[in-house]
Amino acid sequence: MKLTVTLPRHRYDLTIGAGVLANVGQWVSSLWQPQRVMVITDETVQQLYAEQVLKALRQAGFTADAFAVPAGETSKSLTQAEELYDWLASQGMTRKDGIIALGGGVVGDLTGFVASTFMRGLHFLQIPTTLLAQVDSSIGGKTAVNTASAKNLVGTFAQPDGVLIDTETLKTLEPRRVREGIAEIVKSAAIADIALWTKLSGLKDEHELLENAEEIIAACCKVKRRVVEEDEFDTGQRLILNFGHTIGHGIENTAGYGVVTHGEAVAIGMVQISRVAESKGLMPLGTTAQLSEMLLKFNLPITTEYWSEEAIFKALTHDKKTAGSDIRIILLEKIGQAKIVTIATDEMKEFLIRQL
């Protein structure tokens, strides 16, 4: 299956299917002329797919090598980016050469950030190998690294030349990583796709979801494509993709990156913000129950022990969704339709109260 993202200054395809990684050399050759290509991955994915990708690239006429960062959220940092800059320089990379991200969301965000800033920008490709990256982070051109102050605080907008999504890579994921991606799938359905919500409602568990992976991933990609094409630089409607993320990012920062996964934090964030919004009359009654039921079915958490209202508030006020004395939050008009609500930043404290 192929989907095309069409933006004013750039156009690229998403290729989705089982086993498409086997054609990676041909795919890259269809996009780039022979050149030096550096594959950035992590130590886990390196053992699974790096040699296959490097061999295919070399057979296709590319000069290829790979660099593996430690697996986990801690690699999404300025320190790791600097190490990659030094390595790329040592390899003699020029602006005519390219970079490929091979891995999950951390690798994709880090690679995109490095590609967009090294020598003022190299072209790059995304090969996401986790469900989370396949349905969300590999699409749309957001790149970022974390700082001690907040998640994704330093980043760029930089679109890839293409995205290759092989659903077979999901077979090597541990269950917690599968569930992390499911949280973003539930989010996509909740904000913009009632048909996808209905599909998810009919599934028994994550195993059945994976049996329908190509259809479900494509549906999520279509949601994100539609929003990104309308608002590439995240100033308007694209903000609806942040449902659950304002509180979620605060949880990740407070707990320590990687302690609570991104998907788990988003699941908790969706339920928390919806519960308080319902009590304020800002969302239909019963919405939180629907969200909670869906998330629990897929074994996702809806609460956490890592909770400090003060610490989370401090973290989220550094988040990119704040603007002066106001903050924009995402709520649901109903399942399948989101809305952007602007509140005073201090009012956000009310959305962090665990029990009303």
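The values are calculated or read from the model by the stated rules, or taken from the named source; none is laboratory data. Since this is a predicted model, take the numbers as computed values, not measurements. Every residue, glycine as well, gets a Cβ built from its backbone with ideal geometry; the counts of neighbours run over all protein chains shown.
Under the condition of being touching a strand residue (DSSP E or B) at 6+ places or on another chain (Cβ under 9 Å) and part of a helix (DSSP H, G or I), which residue from the range 282-305 is surrounded by the most Cβ atoms within 10 Å (Cβ to Cβ)? It comes out as Leu291. If you go through the range 85-99 and keep only what is under 11 Å from Met119 (Cα atoms) and aliphatic (A, V, I, L, M), you end up with Leu88, Ala89, Met93.
Only residues that are surrounded by fewer than 18 Cβ atoms within 10 Å (Cβ to Cβ) and within 16 Å of the chain's Cα centre (by Cα) were counted across the range 227-250, and they come to 1.
Checked against (1) polar (S, T, N, Q); (2) at pLDDT below 95; (3) part of a helix (DSSP H, G or I), Ser188 passes all but condition (2).
Determine, yes or no, whether Thr156 is surrounded by fewer than 21 Cβ atoms within 10 Å (Cβ to Cβ) and either outside the structural domain of Met294 (by TED's automatic domain parsing) or closer than 26 Å to His10 by Cβ (or both). Against the criterion (surrounded by fewer than 21 Cβ atoms within 10 Å (Cβ to Cβ) and either outside the structural domain of Met294 (by TED's automatic domain parsing) or closer than 26 Å to His10 by Cβ (or both)), Thr156 qualifies. Against the test of being over 24 Å from Val341 (Cα atoms), touching a residue at least 60 places away in the same chain (Cβ under 8 Å) and assigned by TED's automatic domain parsing to the domain that holds Thr288, the options Thr246, Thr254, Thr198 yield a single qualifying residue, Thr254.
Of all the residues in the range 4-25, those that are among the basic types (Lys, Arg) and in a loop (DSSP other than H, G, I, E, B) number 1.
Name every residue in the range 30-59 that is within 30 Å of Asp231 (Cα to Cα), out of contact with any Asp or Glu (no Cβ under 9 Å at 6 or more places or on another chain) and surrounded by 15 or more Cβ atoms within 10 Å (Cβ to Cβ), in order of residue number.
Listed by number, the residues that qualify are Ile40, Thr41.
Scoring Ala311 on the criteria (1) more than 19 Å from Gly336 (Cα to Cα); (2) outside any helix (DSSP H, G or I) leaves a single failure, condition (2).
Looking at the range 26-118, what strands (runs of 3 or more DSSP E) fall wholly within it and have at least 2 residues that are among the small types (Gly, Ala, Ser)?
Values: elements: 36-42, 63-69, 98-103.
Qualifying strands (runs of 3 or more DSSP E): 63-69, 98-103.
For the range 74-117, the tally of residues that are among the basic types (Lys, Arg) and without any contact (Cβ under 8 Å) to a residue 60 or more places away in the chain stands at 1. Please go through the range 252-270 and give me each residue that is modelled with pLDDT of 90 or more, outside any helix (DSSP H, G or I) and under 19 Å from Lys314 (Cβ atoms), ordered by number. Within the range 252-270, Val259, Val260 qualify. Would you pick out the residues in the range 66-76 that are closer than 14 Å to Ile40 by Cβ and surrounded by fewer than 20 Cβ atoms within 10 Å (Cβ to Cβ)? Once the filter is applied, which keeps residues that are closer than 14 Å to Ile40 by Cβ and surrounded by fewer than 20 Cβ atoms within 10 Å (Cβ to Cβ), the range 66-76 yields Ala66, Phe67, Ala68, Pro70, Ala71.
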